[in-house]
Every structure is written in C-alpha cells, then in structure tokens.
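Working notes, structure below.
Each value in this text was obtained by applying a stated rule to the coordinates, not by laboratory testing. Note that this is a predicted model, so its numbers are computed, not measured. A quick note on method: Cβ atoms are made from the backbone with ideal geometry, for glycine too, and the neighbour counts reach across all protein chains shown.
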Amino acid sequence: MINIGILKADSVMPDLQADHGDYSDMFEHLLTGVGEDVRVSVYDVEQGNYPDSIDDCSGYLITGSKRSVYEDEPWIVILGQFVRTLHQRKKKLVGICFGHQLVAQELGGKTEKSARGWGVGRHDTELLIDLGTDGPAGTHFGLLSSHQDQVSRLPEGGRILAVSDFCPIAGMLVEDHILTFQGHPEFGVGYARDLLDIRRTAVGEEKFLKAVDSFSQAPDQRRVAGWIIDFIAGSAHR
C-alpha cells in the first residue's frame, strides 16, 4: 500500500466546489482511480496541518495555490521549511504548479512571474528524461494549466524533466526523490473551463479563446498520475 500525503495549499472557490469538489478531492479521485494500492492522507497546510511523523506517508504531493511562493505568508514559510526537510531526508516529493515552483524557490532556484503573462489551457509538453517504460524521453503529453508564475532557474541538483512552448521548465527532477510538473494532472476540462471563465478578463480574450479551443483534446491525466504513483513507489525513474 502506498500512502500519499496531499499537502493542500489552497481550496477551490466555494461556488465551484459543488460541481468539482476541492483540490484534495480531485487528487484523491485521480490517484486512487489509477493505483489500486494507493491511499491518500490530506494535510491542510494553509491551516498548519502536517503529519505527526515525516514517515507517516510513503511520499508527499504539494498542490497548486492561488498564492505565490515568494509571498511572505507564515504558512508558505513553514511549508518551505518542510520541503527542505523532505529534501534532506531524501523523502519522495511531488510538486504540482505552486508545489513545483516552491521546490525550486526553496532549494536554490527561482520562481517569478512569466513575461508572457497567463499560461492557460492544455499545453503540449515533452519529456526530456525517461519516466519508466510508459514515459520514455521524447514522449509528448498534455496537461491543463492556469498560472502566471513559473520557474525561471533550476534549484541545486535539479534537471529539466519537461518543456513546453510556453514554459521552458515545465517539469523537474531533483536528484532521485523530487518530481514536479507545472501543469495540473488533477484538473478535468470541466473545472479548467469554469476557472477560465472566472479569469477571462484577467487572461485576455485572445488567450481565453485559444485555451477554450485547446480543451477539444483531452489532457493526459491518468498517464501523469501513473508516473506520480510509480515515482513515489520507487519504480519510475531509471
């Protein structure tokens, strides 16, 4: 049994929760639906909720957030300290969007706002490093995105795992125990579209329409979820 600790760094807007659930629900549905031997434990890190022991879980996953990793918020500072502890202990860690950016920021890299503005819609992304037999280097996959910040400098020991036309560091590996993605494997098209509608003015009409068009091609949620599970289980990266 693999127990994945979800470090929940945000909540879905109340108006959207009835249809889509919270972010922890999305991850639990995705990961347990792909891995039969997966159990999920949720820790609301915004509220200071952490496991009693770092070894309570097989590995951890940091969710996305509307906040920026460089904001001086107490809960972000504490989560950053936990990232460093996980790194020091070589504990398996997966970072998604905000989590991806926080790993970079805390381990010597840099996260900042993209000069290209919002990244939204389905982004075609290419693996540069093998992620097991189902993810050889050169594999193309698509994830849904909604972000302004992105990693601009790798952390110490980091390698670029994936790249897209919009995001030059769309995924990272740090040594053999940290895996990150800028895109959101937990996002379904329905939620991504509802979120995009809310951000339509901020995103701009041209990007909005292009993102809506990109939804015609389904994201590779289950494939990426399989990579995450295999990585935490210790069988993905070769």
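Assorted remarks:
- Extreme residue, farthest from VAL189 (Cα to Cα), among residues of the stretch 107-145 that are in contact with a Pro (Cβ under 6 Å, 6 or more places away or on another chain) and of a type outside the set (A, V, I, L, M, F, W, C): GLY108
- Subset of the stretch 98-147 that is free of Cβ contacts under 8 Å to residues at least 12 places away in the same chain and out of contact with any Leu (no Cβ under 8 Å at 6 or more places or on another chain) - its residue that is surrounded by the most Cβ atoms within 10 Å (Cβ to Cβ): THR133
- Hey, ILE232 within 20 Å of HIS123 (Cα to Cα), of a type in the set (Val, Ile, Thr), out of contact with any Cys (no Cβ under 7 Å at 6 or more places or on another chain) and surrounded by 15 or more Cβ atoms within 10 Å (Cβ to Cβ) or not: no
- Within the stretch 71-97, the residues that satisfy the criterion of being surrounded by 15 or more Cβ atoms within 10 Å (Cβ to Cβ) and not in a helix (DSSP H, G or I) are LYS91, LYS92, LEU93, VAL94, GLY95, ILE96, CYS97.
- Being among the charged types (D, E, K, R), under 24 Å from ARG223 (Cβ atoms) and touching a residue at least 12 places away in the same chain (Cβ under 8 Å) is a property that ASP22 has.
- Looking across the stretch 153-201, the residues that are touching a Lys or Arg at 6+ places or on another chain (Cβ under 9 Å) and among the β-branched types (Val, Ile, Thr) come down to ILE169, VAL174, ILE178, VAL189.
- Checked against the criterion of being out of contact with any His (no Cβ under 7 Å at 6 or more places or on another chain), without any contact (Cβ under 8 Å) to a residue 12 or more places away in the chain and in a helix (DSSP H, G or I), the stretch 36-53 has no qualifying residue.
- Test for ILE2: is it crowded, with 16+ Cβ neighbours inside 10 Å and more than 27 Å from LEU196 (Cα to Cα): yes
- All positions within the stretch 54-70 that are buried (at least 17 other Cβ atoms within 10 Å of the Cβ) and not in a loop (DSSP other than H, G, I, E, B): GLY59, TYR60, LEU61, ILE62
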